[in-house]
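Right, one structure below, let's go through it.
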Amino acid sequence: MGIIIKPIITEKQTKITGKYPNRVGFRVSPDANKLEIKTAIENLYEVTVMRVNTMNYDGKRKSRYTKTGVVNGKESSFKKAIVTLKEGETIDLFKNI
């Protein structure tokens, strides 16, 4: 399994990227450290990474009501990385679509 799982394209992350065009969010492997994330981004997108900030998120407990009763479950936990690129560089996430 790779270090980079997928880019984060949400309304909140798009707002951050709009304010700071050189910051991009990625969902990464939970056991990856900042140096591994940096080298993976630089090799995959051919950009210069200045800084990597990581956040660990715990899974949320969820329940829903169905005909057969209450169904309880849990979302999986994940790790998120905000990557700051060198000034003037950007990553085009939609170029291969």
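Could you pull out the residue among Thr90, Thr54, Thr14 that is at pLDDT below 95, outside any loop (DSSP other than H, G, I, E, B) and surrounded by 11 or more Cβ atoms within 10 Å (Cβ to Cβ)?
Within the list Thr90, Thr54, Thr14, the selection yields Thr14.
Considering segment 28-40 alone, what residues qualify as being open to solvent by less than 60 Å² (accessible area, probe 1.4 Å) and either without any contact (Cβ under 8 Å) to a residue 24 or more places away in the chain or outside any helix (DSSP H, G or I) (or both)?
Val28, Ser29, Ala32
Mind checking which residues of segment 17-27 are surrounded by 13 or more Cβ atoms within 10 Å (Cβ to Cβ) and part of a loop (DSSP other than H, G, I, E, B)?
Residues satisfying the conditions are Pro21, Asn22.
Among the residues of segment 41-51, write down those that are surrounded by 15 or more Cβ atoms within 10 Å (Cβ to Cβ) and either touching a Pro at 6+ places or on another chain (Cβ under 6 Å) or part of a loop (DSSP other than H, G, I, E, B) (or both).
Scanning segment 41-51 gives a single hit, Val47.
Limited to segment 57-94, what total is found for residues that are over 18 Å from the mean Cα position of the chain (by Cα) and under 18 Å from Gly25 (Cβ atoms)?
2
Across segment 60-87, what is the total count of residues that are assigned to a strand (DSSP E or B) and loosely packed, with under 11 Cβ neighbours inside 10 Å?
The number of residues fulfilling the criteria is 11.
Can you find a residue that is of a type in the set (Val, Ile, Thr) and over 16 Å from the mean Cα position of the chain (by Cα) anywhere in segment 25-41?
no
Mind counting the residues in segment 1-11 that are part of a loop (DSSP other than H, G, I, E, B) and either touching a residue at least 24 places away in the same chain (Cβ under 8 Å) or touching a Gly at 6+ places or on another chain (Cβ under 7 Å) (or both)?
Count: 5.
Identify the residue in segment 42-56 that is aliphatic (A, V, I, L, M) and under 14 Å from the mean Cα position of the chain (by Cα) and, among all such residues, is farthest from Leu93 (Cα to Cα).
Here the residue is Met55.
The values are calculated or read from the model by the stated rules, or taken from the named source; none is laboratory data. None of the values given here were measured: they were computed from a predicted structure. So basically every Cβ, Gly included, is an ideal-geometry build from the backbone, and we count neighbours across all protein chains shown. What goes into the accessible areas is simple: the full protein's heavy atoms, side chains included, and nothing from ligands, DNA or RNA. Shrake-Rupley method; radii C 1.70, N 1.55, O 1.52, S 1.80 Å.
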